[in-house]
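Participant: One structure follows; several queries about it will come next.
The values are calculated or read from the model by the stated rules, or taken from the named source; none is laboratory data. Everything numeric in this text was worked out from a predicted model, so none of it was measured. Neighbour counts run over all protein chains shown; Cβ positions are idealised from the backbone, glycine included. When the accessible area is computed, the model is the full protein with side chains, heavy atoms only, and any ligands, DNA or RNA have been set aside. Shrake-Rupley method; radii C 1.70, N 1.55, O 1.52, S 1.80 Å.
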Amino acid sequence: MPDPQPAGALPAYVDYPSVQTLPGPIAFTSVRMSAFYLAADGSVLQTLCDRLIATPSGGRVRFTPMPSVIMSFTEFPHSVFVNYANRGVATERELSFGIPGIYTSFDGPIPIEIGFALFMPFLFLDNPVALMTGRENYGFFKQTGQIGMPDDPGSAGFSADVYGCPSFSPTANWGQQCLITLRRMAAAAPHPPLGLPWPDPKAAARNLAAAMQAAASGATIAPAAFADFLTGSLPQIFLKQFRDIADGTRACYQAVTLARYNVTRLISVSFEDQYAIDLKTLDSTPVAAALGLAPATQTSLGMRVEMDMQLDNGKVLWQA
């Protein structure tokens, strides 16, 4: 039997009859995102990012985190694979904890690419196709979760239930666990004006960054991440890997990858209401410990955004 592809070319992906993943790009319409700034220990974040990016790549890709985390509850009411629009549309809800920072890729000792990106070591969602596509295509470390929103009947705010257990033990029973609740306390506090309407993306970035920096009591880095995202595009960096079938402690495929979200339409931007935070301690999902989150009982800086955006195909920064 002849070789199915030319030397050096990637083999064709073979679809099963029941298709659960498709290639990007993926378009999202009328996305509603509520994003909150959380203070974090920079040294803890650096240790985590080194373990998940620098160490696997042998230092060929490094990620320098900013001492903050962006927690986002997002609702995707209309998602479609751009090249397979005839297959239909889907909905999705997710909770993410993103680390803003600077990535650098190297050729030996020489930096060859430097840029801003988000790294998401915790991401929970309720759509199985989005979960599998995110993991398989891009390298998102997506996990299942049931996400509650303030507009749900009887809801007092945001919530996320995940599959896991509070404490590891031989007799621990895994199941749905409450990871976090945000209970609305008050309307958004007075903040500097956003300068709406915005005549162009540069004006949007300038006004939004200034307003958020003023509201963040000197925390100037995370607002810049918001501004970059809302006014154009934001790369996301991943460790994409699959366990080996013969030795599950080894990876049969491992790469540091990068993909870009592009905001195609910005519909509205406003400051978020204030919420009481209750983040649970779960051995299976150690969000606060892994991210070095500062103890917090309520949200401080938050933004509510509605937009259209697209997740484009990505690229490999390093591959084993």
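Participant: What accessible area per residue comes out for the range 32-90, rounded to a whole number of Å², with a 1.4 Å probe?
Facilitator: Numbers: 2570 Å² over 59 residues.
The answer is 44 Å² per residue.
Participant: Compactness ratio of the range 76-144: Cα Rg over 2.2 N^0.38 Å, N = residue count? Write down the numbers at each step before the final one.
Facilitator: Numbers: Rg = 15.6 Å, N = 69, 2.2 N^0.38 = 11.0 Å.
Taking N as the residue count of the range 76-144, the ratio is 1.42.
Participant: Taking only the alpha-carbon atoms of the range 2-108, what semi-axes of the equivalent ellipsoid follow from 5 times the gyration tensor eigenvalues under a square root, in whole Å, largest first?
Facilitator: 32, 27, 10
Participant: How high is the FRET efficiency between D41 and I245 when r is their beta carbon distance and R₀ equals 41 Å, given to the nearest 0.05? Please list the in-between numbers first.
Facilitator: Numbers: r = 38 Å, r/R0 = 0.92.
It comes out at approximately 0.65.
Participant: Given contacts defined as C-alpha pairs under 8 Å and at least six residues apart, what's the relative contact order of the range 1-132, whole-number percent?
Facilitator: Details: 229 pairs, mean separation 30.3, N = 132.
Relative contact order of the range 1-132: 23 percent.
Participant: Can you give the accessible area of R51 in Å² (nearest 10), computed on protein heavy atoms with a 1.4 Å probe?
Facilitator: Per-residue accessible area (R51): approximately 150 Å².
Participant: For the range 116-192, calculate the relative contact order in percent as a whole number, restricting contacts to Cα pairs under 8 Å that are 6 or more residues apart.
Facilitator: 21 percent.
Participant: Also: Along the Cα→Cβ direction, 7 angstrom out, place labels at I114 and A9. What is the inter-label distance in nm?
Facilitator: It works out to 3.9 nm between the two label points.
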